[in-house]
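Step one of this worksheet: look at the structure below.
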Amino acid sequence: MMWMLRFILDGFFYASILFLISSGLTLIFSVAGIINLAHGCLYMLGAYIAATLIKSLIDTPYAILAFPVAAFIVGLLGLFIERFIIRWIYGRDLVYQLLLTFGLALILSDITRIVFGTEPIYVTKLYINTGVIDILGSFYPVYNFIVIIVSLIIGCLIWIILYKTRIGMMIRACALDREMSEAIGLNTGNVFSLTFLMGAILAGISGALVVPQSAAMLGIDADALVESFIVIVIGGVGSIKGAFIGSLLIGLIRSFGIVFFPEIELAIAYLVMIVVLLVRPRGLFGREFRVA
Amino acid sequence: MGFQNTLYCKVLVLTCILLLLSIPLAGSSYLNFLACMALVYSIWALGYNLLLGYTGLLSFGHGAYFGLGAYTVAILTTRYSIQSLPVVLGTAILVSTFFGTIIGYLCARHVAKYFALLTLAFSQLFYALTFKLYKWTGGSDGIGVKPLKLLGLEFSGIGDTVSYYYLVLLFFLLSLYTSWRIVNSPFGKALQAIRDNPLKAESIGIPVKRYKWYAFIVSTVYSGLAGALYAPLFGHVVPDLFHFSFSGEVLFATLLGGHRIFIGPVIGAIVFTIARSYITAVTIYWPLVLGLLLVIVALFFPHGVIGTLYTTLKGRFRRL
Amino acid sequence: MGEVSRRDFIKGLIGGLIVGGIVGAAGGYVATPPREKTVTIEKTVATGTPKTQTVTVTETVTAKPSARKVPSKPIKLGVITVLTGPGAMLFSTGLKALEMEVEKINAQGGILGRKIKLIVRDSGGKPDKCIEHFKRLVTEEGVDYITVGATSAEACALAPIAEELGVLTLIQEGTATKLFEEIDPHPKYVFRIDNYDALDAISHAIAIHRTWPDARKFAVIGADYVWGHDEWNIITTVLKKLVPDMEIVAEAWPPLFAKDYSAHISKVLAAKPDVVELCLWGGDLVTCIKQGIGYGLFKQCRVSSVTGGEYIWGLGTECPEGILCSTRYYFLYPPWDRWPLNREFNEEFHRRYPNVRGGYPGFNCNSAYTAIHALKLAIEKAYTIVGGWPTTEEIISVMENLMVPTPGGYRYFRKEDHQMLGYAVSGLTKVSKEFGFAILDPVWVVTPEEMTPPPGVKWKEWVESWRRKE
C-alpha cells in the first residue's frame, strides 16, 4: 500500500512540472495561435539561470530568490522575442511561424551552450537540505512536496488571473476571437505580449524548479517540448484545465508504467494520445475548432 | 511568346540534366557524395511539397517515413542479407507507404496546427520505438547498411560513389517527372483547390478529406524512396531520422526554395545541403548560424528565397 | 671515410640526383598518390675497416621515393568530436586535453620537426554529419590522419568508411562492443584507444564481486537504450559465473537524459536488493544519485555504478560515501608520487582548465592524450626503422604492437583487433575536502588479462567458457 502511495506521489510530482511547462505552451497557443517550438529552450534557459544563481548563493538565505529571478529573466526574454521577432508573423502562414520558432529554438539552445558551456550544472545542497519525511515507513523527499504545492499554487494563480481579473477577460477574448476583440477596442498586441510574458515565466519557473532535484543540462529542451505537446494534445489544445488533466494523466501513467509495463512505458504516452485523438479529436477539454 | 517560352524551358531543363550528368566528371568523391545527398533531399522535399505547397498541409513529422524507408533498407541488407536493389527499394517504399496510409488516415481529419502537432507526435512515437526495440533496430547505436546489388554491380556511397550517384540521379529524374505529372493532373488541381479554400472545394464536390489522405500517401512514397536511397549512401542509420528536428530540415529546405514553385523544393534542398555542409565545416556555432538563417528566411522571404528573388526580378522586368 | 673509386662516386652521385629529383617531384606533386615506379640505385658504403683497406659494398635498394624525406609542412590531423548537443559533455573535455598535448608537442618541435595542425569538426553526435566531415576532411582538406572522439553510433558508422578510404583513424571513444566484434572484425586502418563497453562491464562485475562477495540480490536502474541494456546484460552474465546463486530482483529503465528517477528508485527499493547497479552516465548518474539520497537509497542498500569515476564530481561534497564506481582512467591512479607522468598531466590540466568538470582530466582526456602520443611514438619509431618519413601502412605496422606510456600507466595495442588494452580502475567513494568532491579510496584495478577476451572471441563466448577454480 505504501509503495502505491509513493508511485502516486511520484506521478504527481512529474505531473506538476509537466503542467507548468505545458500550461505556458497552451496559453501562447490559444491566444496568439503560435506553436512555440522554442518553449523547451525557455524551460532549459530557466534551469540554467536558476542553477547558476543557486550555485553562487547556496550558502546564503537568498538562494530561494533564484527561482523568481530565473522566471523573471526568462519572462523578459519571452517578451523580447514576442515584441521584436514573433510580432512580425502573426498574420502569416503557419509554416513561417513554425519555421521561425524552430529557428529561435536552434539559436536559443546554442546561445545556452555558448554562455553556460557543455557541462551540466548541478546543485545538490538545496535538494538534500530540505530533507526527507517518513511516510508509512519509507523516505520521501520534502522537496517533491514543495514542488507539487508550488505548482498547485501557480495553477490557481493562472486560473484567478484568467477568470477573475480584467486582464484575464481580455486574454480570453483574444483567444476566442481576435478580430472581434480588436473591433471592440482591445489592444491585442499588448495582450499577446502579456501572454508571451506569462508563458515564458511559466517555462522559466518550471525549469528552475527542476534544477535542485535534477540538473541543468543541454538537451532537456526537446524532451520537455515533446512531452508537453503530448499533454496539450490529450488535454485539448488551448485549455489550461486540459493541460492540468493531461499532465496528471501522463505523470501517473508514467510512474505506474515503470512498474507494470516497463517495456512500453515510453510508448504508452503516445498511444494514449492517439486513442484520445481517435475518440475525441479535439482533446479532452479542447474547444471546437474552426476550419481555416 | 508561348513557343519561345517552352523552347527556353526545354533548353534550360536539358542544360540542367546535362549539368547533373556531368558532376562525376569532376572526379571528386566528396562532390559526388554531396550531390547524392542533395538529390536525396530533393526527392524528399518534392514529395513533401505535394503536401505542403499543393495541399496546404504542414507536416512536422515526415522524417518518420524517410526513416522507415532507411531502416527497412538497413534491416533487410544487414539482418536478412537481402541486397537485391529492386527488392530492397520496393520493400522500403511499401513499408513507409503502409504506415503513411494508416497515419495519413488518422491525420487527414485534422487541419493546420493540429495536423502539424499530430504528425510530429507520430514521428516521435517512431523515434521512441526505434530507441526501445534496440534488439531489432540497434537502438541509439543505429544499424549498418550493406551495398545494394543489381546485375553484378554494387551500389553504395562508401566505395564507388559514381555508380551510386547515377542511381540516385535516375530516381531523382523519375521523381521529378512523376510529381510534375501529378501536380498537373486533375487530382493535382483538386489538391490546389483544397489548399486555396477547403470549403469551396468541398462544395464543388471534391472529397476533401479523402484527397488530403491521398496526397499524404503519395508524399510518403517519395519520403520512403528518399530514405531508402539515403541509407546506402551513409552506410549507417540512426533513430535521429525520426526526430522532429530532422523533419524540420525538409520543411526548411522546401521553404528556402519556395513552396509555391514546382522546382522550389529541389533548389531549396540543393542550396540547403551545400550551405549546411559548409557552415558545419566552418564554425562550431553552426546551430546558431542555421537558426539565424531560418529566422531570416521566415521573416524576410515570404515566398522562399528563390520565390522572392523571382517575384522581385519579375516586377523589375515588368517595369523596364 | 676511406677512398672511393671515381667511377663508383659518380654512380652514387647520379643515383643521388635521381632520388633527389624524384623526391622533389613527389614533394611538388602532393595530390598524386605515391608512385609505384621504383628506382634502383647503387650505394657505396665505407665500412669501419682499417685505413689501409677500402671495401666498397654495392647494394640495391628499392625505395618508394615519396617516403624518404620528412616533409616540411605541418601534419594535418583531423579531429571529429561532439561539441554541441547533449553528448557534448562527454567529449568536449577530451578535445581540451588534445589541444593541450598538441600545443606541448609543437612547443617541443612537433613530430620529427613537423608541427601538428588540428582541424576540428563538430558532429553534434550525429553519424551522418560525422561521415560527411570525414569524407570532407580526407578528400578536400587532405588531412594525414584522423582522430575521433565521438559516440558509439558514430564510430560504428565511420569504421567501414575509414577502411575504404584508407586513412589511419584513431577512435578515442566510440566504445561499442560490436565495433571490432561485428562491424570491423579485421581492422586495418582503424584503432581504438579506450576500453570498450564489454571490458567496462566485465571489470565492474569482477569489482562488485571482490568488494561485496556476500551480495546475492541485484537490481539495476539503467538508461533505456542499447548501452544500458548491454552493460547490464554483461554484468549479470559475469556475476552469474562468479556468484551462481545470484538473482535479479528488479530492473528499472529510465529513458536517456531523464530528469526524474523517483519512480524508478521507488520500484527498485520495493524489491529490497543487496546491490543496486546504476547503469547511467553523465548528468543522468548525478541526478539519479541525488534523488536516491532523498529516497534513502544509500541507507537501504549498497550502490555501484559502471561509469562513476568522474561524474560523481558533479555532486561535490554531498556525494554519498561507499558507492562502488568503475572507470577507464582515474585521475589519482597510478598514484602521482609513483607515476610522475600522471601528476604532470593532472597539474597541467588543472592549471589550464581549473573550471572544467572538477578541474581534473577524465577518461576521455586520457584517451586523447594516448591518441596523440601513440601517433607520435609510432611515427618516430617507424622513422628510425625505415629511415624516412613513414607511410600510413608503415605507421600502422609499428602501431600494431606499440606500447604507450599514458597518464593512466602503460597501454598497448593488440595486433589482431587494433584494440588498446589497459586496466580498469574501481573504488569506493569517499568525500575529500581537499578536492571538494568525492574521490575513490581505496582503489583497486582489474588487469587487461582478467577482463579482456582473446582476439576474435566475443565476450559472451569467453565469459561462458570461464570455469570456477576449486
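The values are calculated or read from the model by the stated rules, or taken from the named source; none is laboratory data. It should be emphasised that the depicted structure is a prediction, and the values quoted were computed from it without experimental measurement. Note that each Cβ is placed from the backbone with ideal geometry, even for glycine, and that neighbours are counted across all protein chains shown.
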**Message:** If residue C:214 satisfies all but one of (1) over 22 Å from residue B:79 (Cα atoms); (2) assigned to a helix (DSSP H, G or I), what's the number of the condition it fails?
**Reply:** (2)
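Only one of C:269, C:239, C:315, C:297 is more than 7 Å from chain A (Cβ to nearest Cβ) and within 17 Å of residue A:214 (Cα to Cα); which?
On the way: C:269 fails: within 17 Å of residue A:214 (Cα to Cα); C:239 fails: within 17 Å of residue A:214 (Cα to Cα); C:315 fails: more than 7 Å from chain A (Cβ to nearest Cβ).
Answer to the check: C:297.
In segment A:277-286, which residues are part of a helix (DSSP H, G or I) and either under 18 Å from residue B:116 (Cα atoms) or among the hydroxyl-bearing types (Ser, Thr, Tyr) (or both)?
Within segment A:277-286, the first condition is being part of a helix (DSSP H, G or I), and the residues that meet it are A:277-279.
Once the filter is applied, which keeps residues that are part of a helix (DSSP H, G or I) and either under 18 Å from residue B:116 (Cα atoms) or among the hydroxyl-bearing types (Ser, Thr, Tyr) (or both), segment A:277-286 yields A:277, A:278.
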**Prompt:** Looking at C:248, C:235, which is the one that is in the same structural domain as residue C:311 (by TED's automatic domain parsing), over 28 Å from residue C:155 (Cβ atoms) and in contact with a strand residue (DSSP E or B) (Cβ under 7 Å, 6 or more places away or on another chain)?
**Reply:** C:248
**Fill in**
Log entry, pairs with first residue in segment C:260-286 being not assigned by TED's automatic domain parsing to the domain that holds residue C:225, second being of a type outside the set (Lys, Arg) and assigned to a loop (DSSP other than H, G, I, E, B), beta carbons closer than 7 Å, six or more apart or on different chains, reads none
**Fill in**
Going through segment C:70-114 in order, the residues found to be among the charged types (D, E, K, R) and out of contact with any Gly (no Cβ under 8 Å at 6 or more places or on another chain) are C:73, C:96, C:99, C:101, C:103, C:104, C:114
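Across segment B:110-147, which residue is farthest from residue C:160 (Cα to Cα) among those that are of a type in the set (Lys, Arg) and in contact with a Phe, Trp or Tyr (Cβ under 9 Å, 6 or more places away or on another chain)?
First pass over segment B:110-147, keeping only residues of a type in the set (Lys, Arg): B:113, B:132, B:135, B:146.
Now restrict to residues that are in contact with a Phe, Trp or Tyr (Cβ under 9 Å, 6 or more places away or on another chain): B:113, B:132.
On the way: B:113: 43, B:132: 26 Å.
The selected residue is B:113.
Collect the residues in segment A:4-17 that are closer than 10 Å to residue A:151 by Cβ and facing chain C (nearest Cβ under 10 Å), keeping them in residue-number order. If you could, list the steps in order and put the result at the bottom.
Quick first cut of segment A:4-17, residues closer than 10 Å to residue A:151 by Cβ only: A:12-13, A:15-17.
A:13, A:17 - these are the residues of segment A:4-17 that are closer than 10 Å to residue A:151 by Cβ and facing chain C (nearest Cβ under 10 Å).
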**Prompt:** From the list A:143, A:62, A:90, which one is in contact with a Gly (Cβ under 8 Å, 6 or more places away or on another chain) and more than 14 Å from chain B (Cβ to nearest Cβ)?
**Reply:** A:143
**Message:** Checking residue C:245 against (1) part of a helix (DSSP H, G or I); (2) charged (D, E, K, R); (3) more than 12 Å from every other protein chain (Cβ to nearest Cβ): exactly one of these is not met. Which one?
**Reply:** (1)
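Residues that are crowded, with 24+ Cβ neighbours inside 10 Å, in contact with a Pro (Cβ under 7 Å, 6 or more places away or on another chain) and not in a helix (DSSP H, G or I): does segment A:199-215 have at least one?
Checked against the condition, which is being crowded, with 24+ Cβ neighbours inside 10 Å, in contact with a Pro (Cβ under 7 Å, 6 or more places away or on another chain) and not in a helix (DSSP H, G or I), segment A:199-215 yields at least one hit.
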**Asked** Residue check: is residue B:245 within 30 Å of residue B:98 (Cα to Cα) and within 14 Å of the chain's Cα centre (by Cα)?
**Response** no
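Within segment A:98-116, is there a residue that is more than 30 Å from residue C:90 (Cα to Cα) and polar (S, T, N, Q)? Full working, then the answer.
Taking segment A:98-116 first, the residues more than 30 Å from residue C:90 (Cα to Cα) are A:98-100.
Those still in the list that are polar (S, T, N, Q) too: none.
Looking through segment A:98-116, none of the residues is more than 30 Å from residue C:90 (Cα to Cα) and polar (S, T, N, Q).
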**Asked** Just wondering, is there one or more residues in segment C:337-348 that are within 14 Å of another protein chain (Cβ to nearest Cβ) and surrounded by 20 or more Cβ atoms within 10 Å (Cβ to Cβ)?
**Response** no
**Message:** residue A:215 - would you say it is closer than 23 Å to residue A:109 by Cβ, touching a residue at least 24 places away in the same chain (Cβ under 8 Å), in contact with a helix residue (DSSP H, G or I) (Cβ under 6 Å, 6 or more places away or on another chain) and facing chain C (nearest Cβ under 10 Å)?
**Reply:** yes
**Fill in**
Only one of (1) closer than 21 Å to residue B:227 by Cβ; (2) within 14 Å of the chain's Cα centre (by Cα) does not apply to residue B:262, and that is (1)
**Request:** Would you check if residue A:48 is assigned to a helix (DSSP H, G or I), among the aromatic types (Phe, Trp, Tyr), within 10 Å of chain B (Cβ to nearest Cβ) and buried (at least 17 other Cβ atoms within 10 Å of the Cβ)?
**Result:** no
**Number of the condition not met by residue C:255 [criteria: (1) in a loop (DSSP other than H, G, I, E, B); (2) buried (at least 21 other Cβ atoms within 10 Å of the Cβ); (3) within 31 Å of the chain's Cα centre (by Cα); (4) at pLDDT below 85]** = (2)
**Item:** Hey, residue A:59 part of a loop (DSSP other than H, G, I, E, B) and over 23 Å from the mean Cα position of the chain (by Cα) or not
**Value:** yes
**Request:** Pull up segment B:126-148, narrow it to residues that are free of Cβ contacts under 8 Å to residues at least 60 places away in the same chain and hydrophobic (A, V, I, L, M, F, W, C), then point me to the one that is surrounded by the fewest Cβ atoms within 10 Å (Cβ to Cβ).
**Result:** B:133
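Quick check, is residue B:261 over 30 Å from residue C:164 (Cα atoms), outside any helix (DSSP H, G or I) and not small (Gly, Ala, Ser)? Full working, then the answer.
Values: over 30 Å from residue C:164 (Cα atoms): yes; outside any helix (DSSP H, G or I): yes; not small (Gly, Ala, Ser): yes.
When the stated conditions are applied, residue B:261 passes them.
Condition first: in a loop (DSSP other than H, G, I, E, B), more than 14 Å from chain B (Cβ to nearest Cβ), of a type in the set (Val, Ile, Thr) and more than 24 Å from residue A:22 (Cα to Cα). Can you find one or more residues in segment A:109-126 that meet it?
At the first step, the residues of segment A:109-126 found to be in a loop (DSSP other than H, G, I, E, B) are A:117-120, A:123-124.
Still in the list and also more than 14 Å from chain B (Cβ to nearest Cβ): A:119-120, A:123-124.
Next, only the ones that are of a type in the set (Val, Ile, Thr) stay: A:123-124.
Filter once more, keeping what is more than 24 Å from residue A:22 (Cα to Cα): A:123-124.
Yes: one or more hits.
Restricting to segment A:231-253, name every residue that is out of contact with any Leu (no Cβ under 9 Å at 6 or more places or on another chain) and buried (at least 22 other Cβ atoms within 10 Å of the Cβ). Talk me through it step by step, then tell me what you get.
In the first step, residues of segment A:231-253 are kept if they are out of contact with any Leu (no Cβ under 9 Å at 6 or more places or on another chain); the result is A:244, A:252-253.
Across segment A:231-253, the qualifying residue is only A:244.
For residues in segment B:127-149 being under 14 Å from residue B:75 (Cα atoms) and assigned to a strand (DSSP E or B), which is nearest to the other protein chains (Cβ to nearest Cβ)?
Within segment B:127-149, the subset under 14 Å from residue B:75 (Cα atoms) is B:130, B:133-139, B:141-148.
Still in the list and also assigned to a strand (DSSP E or B): B:143-144, B:148.
On the way: B:143: 9, B:144: 6, B:148: 15 Å.
Filtering first and then ranking leaves B:144.
Can you find, within segment A:131-155, the residue that is modelled with the highest pLDDT among those that are in contact with a strand residue (DSSP E or B) (Cβ under 7 Å, 6 or more places away or on another chain) and crowded, with 17+ Cβ neighbours inside 10 Å?
Going residue by residue through segment A:131-155, those that are in contact with a strand residue (DSSP E or B) (Cβ under 7 Å, 6 or more places away or on another chain) are A:132-133, A:139-142.
With the extra rule that they be crowded, with 17+ Cβ neighbours inside 10 Å, the set shrinks to A:132, A:139-141.
Numbers: A:132: 79, A:139: 75, A:140: 80, A:141: 84.
For segment A:131-155, the residue satisfying everything is A:141.
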**Complete:** Given the conditions (1) aliphatic (A, V, I, L, M); (2) touching a residue at least 24 places away in the same chain (Cβ under 8 Å); (3) within 13 Å of another protein chain (Cβ to nearest Cβ); (4) in a helix (DSSP H, G or I), every one holds for residue B:23 apart from (3)
**Request:** Among the residues of segment C:97-123, count how many are surrounded by fewer than 19 Cβ atoms within 10 Å (Cβ to Cβ) and either within 11 Å of chain A (Cβ to nearest Cβ) or more than 21 Å from residue C:72 (Cα to Cα) (or both).
**Result:** 2
**Message:** Based on this model, can you work out whether residue A:105 counts as of a type in the set (A, V, I, L, M, F, W, C), in a helix (DSSP H, G or I) and more than 10 Å from chain B (Cβ to nearest Cβ)?
**Reply:** no
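Here is a list: A:274, A:230, A:258. Which entry is in a helix (DSSP H, G or I), under 30 Å from residue C:282 (Cα atoms), at the interface with another protein chain (Cβ under 8 Å from one of its Cβ atoms) and at pLDDT below 80? Spell out how you get there, then give the answer.
On the way: A:274 fails: under 30 Å from residue C:282 (Cα atoms); A:230 fails: at pLDDT below 80.
Going through A:274, A:230, A:258 in turn, the sole match is A:258.
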